[in-house]
Amino acid sequence: MNSVHLSNLSRRNFLVSSGVLVVGSYAYTSGFNPVYANSTRTLSPSVYVAIGTNGVVTVTCHRSEMGQGIKTAVAQVVCDELEADWEKVVVAQAEGDAKYGDQNTDGSRSIKNFFMPLRNAGAAAREMLVQAAADSWGVDAAECEARDHAVHHAASSRRAAFGELAHAASELAVPDSPTLKSRETWNHIGKSRIHVDAKNVATGKAVYGADVTLPNMAIAVMVHAPVLGSSPLNVKIPESAKKNARFIGIETIDATPGPIGFNPVGSVAVIAADTFTGIKVAEELEIDWSDSPNQDFDSDSFQQDLREAVKSPGNVWHGVGDASTVLDGAEEKIEAVYETPFLSHAPMEPPSAIANVVGDTVEVLAPVQDPQTTRNTIVSAKNFALKNVKVTPTLLGGAFGRKSKPDFVLEAVELSRRLKRPIRVQWRRENDLQYDYFHAPSVQRYEATLGENGMPTAWRQRTAFPSIMSTVAAPNMVEPANWELDMGFTNTPYRCENQSIEAAGLKAGVRIGWLRSVCNIFHAFGANVFVDELAEQAGMDPIDYRLAMWDGMDVVQGALPSEPGHEFKIERLRNVLQKVRENSDWDRKIADGHALGVAVHHSFLSYVASVLEVDRSDSNYKVTNAHVVLDCGTYVNSDTCIAQMEGAVVFGLSAAQRAKLTFKDGTIQENNFDGYLIARMPDAPSISVELIDSDHLPAGVGEPGVPPVAPALSNAIYKAGGGRRRSLPLI
Amino acid sequence: MSITVNVNGVEHQLDVDENTPLLWVLRDHLALNGTKFGCGRGLCGACTVQIDGTPTRSCLTTVAAVSGRHVSTIESLVDQQPDLIEAWVDENVSQCGYCQSGQLMSAAALLATNAAPTDEDIDFAMAGNICRCGTYGRIRKAIRRTAEARR
Ligand code: FES
Ligand code: FES
């Protein structure tokens, strides 16, 4: 981890108001990148710790909270170094501002990128408090110690609470490189903490996007074009609506020409005094829409195009030996094609955003994953001065990647600008499914020949899917990007002396975006099922087979260089696999009627192995148990890591079992949860999670639990006698 | 037209279209925002409230249909079943939390009629409440924990 200094922090960052000490810290952050990758890093201040004279510590969380527990984790890290009392800590949500450094809360990187800056902030504040106490007592700071929210001087048995010291400490210079606590003395990091919002959630007091009401606010219920690229031509308002005093009017928004990006799509907004009036009128509008080049888009034929694409060579990303000659000349080869469909994020909270444009200023309150990108997008799309745009995230009622795209916020800004009053845009579930930034459908084709020992002698893998870049960057960026392929494809741990790794991209007629664990979903699926197929051919146990393939391997290299300290180590992959073998009692004689399937995957710099147990007697192969082992390096909130693995199993099961979206004539066919089938309580297995204790650098937690789920289920179903299922959804 | 509804023990006189779903009356007219909108079609359970103790999807229930009956929402649960809320917090159930009001109202209704729910009972009672974050296992635990503590 790069060292972080506080020295160049200007005096102005120390907001001493009514005796409050505020400490800023600097973080290394990356510029815009849709998911995660190494990119140019810039320095910017990232986090603030304030200590009031009443002793209350306020930690400002600059990342968005969407259920991953980041508010709690950020506070844990700061409080640990600060030696603060957990009960005296409150967490505030930061608005979008470059001074915080990167705020793009996706790619499972909040702790990975900010662990050190947060520790430095806490440690700097601690040293300042200690110095203030030492000064007031006329002793050497080295004789004093911070502990339990106070500074102590053992020799004279004196003690001063943090609150008493806050004002004096705020007058001191910020230490350049504060001394960090040693790992053995951590008292919050690595411990289990209840989420700071838990009580508010359980009493209905937590505030999400749609829970904010501003004076004179109107509601905008959106009717979006059935096809991407269409704009409203004519709108007929029903007579009943015209008589309804709570109906205010309609506004039309044309499809934004040029790259899709985060721009609003064509729509009619129904403006009303309340949501129900808006919904009712929205359902009764008769709208003519313009033609669109996407109006023939059909997901079945698109899937067929993807199938065709993997039949011929793609761009070769990795080639060693001569896979083609071996494979084409082989008498016997194993070949399999794996497929996955369009998926939607479908967070429980449909998109919603509040904007209040007053003159040349705009204030936004919305459940956004990236308030800075939201802010910058408003600036560039709507011609506001940056300083006049304020974006504050509310809590996010789930996001999974959806809410890092602020198209719905831009709608609110545009409508508020036109109507000159605060507007809350409310999407219905139908809008949410229709205009998601969809998880890409994909096809993978794997071919291999095996030697006498059962190990591959030649290996070719091809992937085809629509790149996210064709939506968020430029329409002609059709080829999969390196960072998409380094999600389980070009960085595959399954290597062979004759190997070809190839990729092709196709443009879809709908928006493509990143969904929790992104391309890892389909790449982990293909790889883990194919390896199971090879193991069977070789007459070996699937876990033994993987271990044998990794024999003698050290580091896996992908298309992108690894971040320092974050090499993909086979040793760690092997370790989680061996652990899950023990935890699931893999080698036991499984009770009649049950079967186990395994998968293991490295993503977001973490390592996860999962074993699922299915009930054979159930025609739907109900998953009864799941065992997960996670190595995410150093972790902050142990219980959050466990919860994220549990959630990932369920999220992964939705995709594995029943979720699938289809398009005909450019229009989505599944409109609500009766068509898009999400895992429910009876689908949820009993889940056990082991968290590996590790002193490696912190890595991702929110996403890496998802990829192994679908292949583990496919492999379990095969063991249960359900045949090889190579296409999601499996049931 | 004017309709009288009793929510959390308080009578409200409302001038709304009688077909307005209870969900939107709670949220837009009574500022009781704990009840959430997830699907609007009775498919997700985010809007679950209790009507005379029965868990009900407020997005499909018109305000006219609850006139003269007792509606209780998440905001009153802390008075009705504080131990259930405590169990929810202690098990660190919620992730994003958006579904949890509905989950709690369904769970509370289950526990009110079944002091010792089995896993099958829980599956059955909670199947209408989606949690996209996947907190089902912890919901089960919190329900069992509450039931056991009450015995
Ligand atoms: S909003 Fe009522 S069931 Fe989904
Ligand atoms: S906690 Fe997020 S949907 Fe249930």
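The values are calculated or read from the model by the stated rules, or taken from the named source; none is laboratory data. Please read these numbers as outputs of a predicted model, since none were measured by experiment. Reconstructed Cβ throughout: ideal geometry from the backbone, glycine too, with neighbour counts over all protein chains shown. These area figures cover heavy atoms from the full protein model, side chains too; ligands, DNA and RNA do not enter into them. Shrake-Rupley method; radii C 1.70, N 1.55, O 1.52, S 1.80 Å.
Okay, here's what the table says:
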read-out	value
Solvent exposure, largest accessible area first (probe 1.4 Å, DNA, RNA and ligands not counted), of A:HIS195, A:HIS167, A:HIS345	A:HIS167, A:HIS195, A:HIS345
Candidates per GluC sites (Glu not before Pro) in segment B:70-151, loop by DSSP, up to 10 other Cβ within 10 Å	none
Size of the B/A contact, given as accessible area buried on both chains, probe 1.4 Å, in Å²	4400
Percent carbon-and-sulfur accessible area, the protein assembly as shown, ignoring ligands, DNA and RNA, probe 1.4 Å	48
Solvent-accessible area lost in complex, 40 Å² minimum, residues of segment B:82-98 relative to chain alone, 1.4 Å	B:ILE85, B:VAL89, B:ASN92, B:SER94, B:GLN95, B:CYS96, B:TYR98
Rg followed by Dmax, in Å, when chain B is reduced to its Cα trace	15.0, 47
Counted charge near A:ASP554, where neighbours are those whose Cβ lies closer than 13 Å (Asp, Glu -1; Lys, Arg +1)	+1
Neighbourhood net charge (15 Å Cβ-Cβ; Lys/Arg +1, Asp/Glu -1) for B:GLY68	-2
Order of exposure, largest accessible area first, which applies to A:VAL555, A:VAL600 with probe 1.4 Å	A:VAL555, A:VAL600
Positions from segment A:636-664 whose accessible area shrinks by 20 Å² or more when the full protein complex is built, not the chain alone, probe 1.4 Å	A:ASP639, A:ALA643, A:GLU646, A:GLY647, A:VAL650, A:PHE651
Globularity index of segment A:153-209, i.e. its alpha-carbon radius of gyration over 2.2 N^0.38 Å	1.79
Interface residues, segment B:22-61 - accessible area loss of 30 Å² or more versus chain alone, probe 1.4 Å	B:TRP24, B:ARG27, B:ASP28, B:HIS29, B:ASN33, B:LYS36, B:PHE37, B:GLY38, B:CYS39, B:ARG41, B:LEU43
Whole-number accessible area per residue in Å² for the protein assembly as shown, which is evaluated in the context of all protein chains at 1.4 Å	34
Structure-based [θ]222 nm, chain A - -39500 (n - 2.57) summed over DSSP H runs of at least 4, per residue, nearest 500	-8500 deg cm²/dmol
Per-selection metrics, segment A:271-405 (Cα): Rg and Dmax in Å	24.1, 75
Rel. contact order, % - alpha carbon contacts under 8 angstrom, at least six apart, chain A	14
Segment A:540-593: translational diffusion in µm²/s, Stokes-Einstein, Kirkwood Rh over Cα pairs, 10 °C, 1.306 mPa s	121
Zero-based 10 Å bins, Cα pair distances in segment B:77-150, whole percents	21, 62, 17
Highest-first arrangement of A:115-126, A:710-721, where packing means the average Cβ count within 10 Å	A:115-126, A:710-721
Relative contact order %, segment A:98-207, counting alpha carbon pairs below 8 Å whose residues are six or more apart	23
Per residue convex hull volume, Cα atoms of the protein assembly as shown, in Å³	168
Value in Å of the Kirkwood radius, where segment A:172-284 supplies the Cα pairs that are averaged	19.0
Computed log₁₀ I(q)/I(0) - Debye formula, equal Cα scatterers, no solvent, segment B:2-75, q 0.14, 0.27 Å⁻¹	-0.34, -1.41
